[in-house]
Amino acid sequence: MKSTPIVFIVCIFIILQYGTFVRCQQIAPAEYNLLVSLRTLFHWETLYPDPIPPATQFNFCNTIVNTIQCFGDISTPRSVKALSLIGDGTQTIPDLSVFTQLKTLTIYNISNPNNFMSNLPSTVTILDCRYCQLTSIPTDIYDSFSSLNLYNNPLSMTFRLSYAPDLITLGLVNNEPQYINYYIDILNDSPGRLSIGSLSQMAQNSSLNFTNFRDNMNLFLYFSEQISVTELNFTQIFDAADIIDIKSVHILAPSLTTNYFDFPTDLHSSYEFEFVNIKFNTPSTFINLNQPQYQHLSALKIRNSPEFNINGSPVFSDIPRTNLISFWLSGVSLTTVGQLLVGLNTWDYSFSNNFLTKIPAMSNNEPQPKFVDLSYNLIDDVMSDAVFCNNFVDIKYNKFVGELNKCYSCYLNHPTIADMIKGNNFSNYQDGSTQYPPCEVTITNYNNVTAGLALILEGSLLPKYQYLVTSDPPFTWVSYKGQTKISATMGANSFVIAKARGYIVVSIHATQVFNFTIPINIIAPVIYNILISPLSNGYHFAIVGMSFNTDDANTTVTFNNYNCVVTPNNQSSSIECTLYILDLVEMTYRMNVTVGKLSTVLRYHFTRLYPVVSAITPCPRSGGSVSLFGEFGVALEHATIYIGGKLCSIQNIYPKNITCILGSGNGKQSVNVTVNGLNYYAENYFVYLEDSQQCPYSCGVNGFCNVLQYCTCKAGFGGPQCQYTVLPNGVIVNSTTTIISQEDINFHISLRSLQEMSYNNEVIREHMLGDWTQDPSPDNNTWIYSTQLKNTTISYTIFKAPNAMDFTFAGIPMHLEQDSIKISVNISKWEFQSSLNTLQLIIATKVNSESTCQSNIESYQDELEALNYFQIEQDGKVLYGKFIDQMLSDGKPTYSSTKILSKTEKEVIVGISIPQCRTECLIDPDFSLLVNPSSGCAENTSKKWIIPTAVVVSVVGFTSLAIMAVYMLRRGSYILISKNSLVIFNKTIKLGKLFPSKPSK
């Protein structure tokens, strides 16, 4: 251990002396000494040269050469983790057990393994041994391997898969002539599912059972020259009834087989098939692969099967056109391809080693270039731009004539290009010559330069290969089809350099180097997306886009007049900033992003993400489980809930709902929710469930007391004690504000306004409801009216019920008589100024009459001071308004209170509270127009009648409201709405249903 400081001193000396870093190492002495011996044995002198003084050890652990790979760093003793021993057939393997952390071992072409398998370190999990003269493998080491490949060894054995349950890659192949008498049988005796993803084996072992192999396996079946297999039956081999998926099947022979095989048409078992040196019979008829059972194929490759053609044409009349990527017919004696390739999207073709005389017809409309191998044919065609500039085409050793196309001749100084065209008869170029045809590369157009955006250059004869383009500052380049465009993505650092210079130099390395200077033309910031994260003291914004240029010092972000403090991040594709305003109003802001002297302005609607409570399912007075619904964020940590000052212990918390346990209590209570330091507060939002319910009055024989402490009347009866009779009458609708008239008495019911309320019950803003416009209706029984407020649409729908019906609202049974009218008000995309705010719907009701009788207004509030009902009486006619304290918020029942805001002798104004629903709110008050037969001021009390009107208020969409009114009038009465009033005559109008119903019993 005391040698460590000395090693560091030597390292530092080397760095100072030579100006570069030379990795120092402390390989364990036994491992180091064996590596020195291996260096001599396997001739590694050029890979690991003599050390440069003052260093004294070979640098075996350098990262440039992969022959040896090491664990550890310069501060700790290092150990060999991977070793590759490539011999020349004369070496003997020494004892490798000193490598105590060796994981991967590759051995190739040695003369004597010296029984190295018996001394193999137990840490080795990957072994690849080819031509290494192995004669046996100890069975007790099978289970240590995850990858085992043994190719062409004098090894005969039975390999039991049950001994190696963790194998992922297995290759046991003897296919060279000198090893064909050695046979390795693979026995699948494993009771469980195997993990093998790649299996290479001899084709004689075709009886291997694959039913417990993993999906997406790659299978390699090797033939020897004297293979005894006479049939390729994949259905039998793979037991298709049991195996699920094989990714690829490769049938390989070292040279052309002596046996003939019929081409297998049962290709349903795999996505990719490859056949190499398999002698296929000539089919008697063409094979059509463009059928449903073959559309899964992504690759079909056949190489060297000389008789696999029909009179020089492909044996396939058609091929799959859905997923096929690679299609090879190489060495199958083709003289023509015909129209087989027309209309295909396949982009990898090979028709090499055939007898083609013309370039095959192929589609050229795809955006990506094709890779086409036409080498070693007899093609005496000329090179066209359409084929050769748009694709990568290998035409070596053909009989092409005419001029070598400029798309190739401009880059003949590069070996890859020169190799693709050699062996032809071009008039302007001879193989191997350095006298290249003339070339003129041009750039005619380019886009504005900006960080994070691709720089696109357009021109002519631009290179096909990206390595033929360089730039200063350096970029990574991409070539495109047609050689008319190249592009590169400009990184942040490169952009800073280019911006300082004012230009970019692009070099095209053709037969001569073409240099182009591209000036900088910076564009304004482009914004794709804005991400928000709430903080305890404000909001953090991540603005995603491009052209932010990493100039953080000269970058500003504002929301109206609020400054968002920019956080330096040196990124060209994003800006981060913090707005230190906790109670930021939820509204649409004018957002300005300025980088240097360039600005981008856009409208951005800010919405607080969490926490927001939209509905609560309370517990009884004795305590119990409470459910809160709304938005609570994603990182659900450090959450607390207090209801009425009492801790509600959280049991489960999710992004949209929380369940907690609350102790006993009663009445209305405040709600306080904190998540990750962010707070939500609502006054009087929680109400304990009542243990028992009683109505303030008896419901008589015509009704019963429901769970909400008011009377539910039987069909045909109404009123607070169900003492009045309902008479059905017809109605007609003209327009808006509602006037219900009987003789000379008019009752007016109107939606006066919609108020946004703060958490402490102050009016933040108020929108007066009126000026409605009639919209198209879906049928003759529906009328729709709407009005617009900036981004908010307020509409309401009038609907007439065709028959008596029962329905349930918030778990409460409701009843409507035939000829009822329902008015639904919808508010969409209401922009709250704060997530703590709520809404209040204002409904005004008044009476107009020439009568000298005095009007009388009465109301009843429960013990929580919530309005249960009110009634206005004039001359024996009573307008009766009934309210429940339940509503639906985002589909969940929750508390909603109604209160009288003001009342006079002739008018009462009520407000219905609506929480901040995120999607949908529904409210359900109920109005009825009745006759009081006991009134002394009424002129005619001989006929008892009732005109009930039920009004349901709902909030739909982002936050929306609906109001349902049901009116039933006796003969001679009417409801009037002209421009500002609803008129209901004794006439039947059919309207569509707005909610499911069932006939009243």
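The values are calculated or read from the model by the stated rules, or taken from the named source; none is laboratory data. The structure presented is a predicted model; accordingly, all values stated were derived computationally and were not measured. Here Cβ is always computed from backbone atoms with ideal geometry, including for glycine, and neighbour counts include all displayed protein chains. These accessible areas exclude ligands, DNA and RNA; they are computed on the full protein's heavy atoms, side chains included. Shrake-Rupley method; radii C 1.70, N 1.55, O 1.52, S 1.80 Å.
Miscellaneous remarks
- For segment 595-612, Karplus couplings with θ = phi - 60° (6.51, -1.76, 1.60), whole Hz, Gly/Pro x: 10, x, 9, 10, 10, 10, 10, 8, 8, 10, 8, 8, 10, 5, 7, 6, x, 9
- Backbone N within segment 421-444 under 15 Å of label point (7 Å from Asp472 Cα along the Cβ vector): none
- Once backbone amide H atoms are built at 1.01 Å from N, Asp185 has Met157, Thr158, Phe159 as its partners under 5 Å, excluding neighbours fewer than 5 places away on the same chain.
- Residues Thr336, Thr594, Thr285, sorted by accessible area with the largest first, give Thr285, Thr336, Thr594 [1.4 Å probe; ligands and nucleic acids excluded].
- The residue among Ser574, Ser599, Pro534 whose Cα reaches farthest toward the positive pole of the charge dipole of segment 526-606, with charges on the beta-carbon of Lys, Arg, Asp and Glu, is Ser599.
- Of the solvent-accessible surface of segment 526-606, computed with a 1.4 Å probe and all protein chains present, 51% belongs to carbon and sulfur.
- Carbon plus sulfur fraction of accessible area for segment 442-519, probe 1.4 Å, in percent: 54 percent
- What segment 612-687 shows is 42 Å² of accessible area per residue, with the surface traced by a 1.4 Å probe over protein heavy atoms.
- Accessible surface ranking that places the most exposed of Met217, Met587 first, with a 1.4 angstrom probe: Met587, Met217
- The H on the amide N of Asn390, modeled in the peptide plane, is under 5 Å from the matching H of Gly482, each at least 5 residues off or on a different chain.
- Solvent-accessible area per residue, Å², over segment 442-519 with all protein chains present [probe radius 1.4 Å]: 43 Å²
- 3J(HN,Hα) along segment 311-318: 6, x, 9, x, 6, 9, 6, 7 Hz, from the Karplus curve 6.51 cos²θ - 1.76 cosθ + 1.60 with θ = phi - 60°, whole Hz, x for Gly and Pro.
- Long-range amide H partners of Asn216 with built H, under 5 Å: Asp245, Ile246, Lys247
- Each label was represented as a point 7 Å from its Cα along the Cα-to-Cβ direction; for Asp266 and Ile456 these points are 5.1 nm apart.
- HN-Hα J in Hz across segment 464-475 - Karplus 6.51, -1.76, 1.60, θ = phi - 60°, x for Gly and Pro: 7, 9, 5, 6, 8, 10, 10, 8, 10, x, x, 10
- In the structure shown, the pairs Lys800/Lys899; Lys668/Lys903; Lys406/Lys481; Lys646/Lys892; Lys358/Lys396; Lys399/Lys422 are assessed against 19 Å; a Cα-Cα span above that value is assigned to Lys800/Lys899; Lys668/Lys903; Lys646/Lys892.
- Relative contact order [Cα under 8 Å, 6+ residues apart], segment 526-606, whole percent: 29 percent
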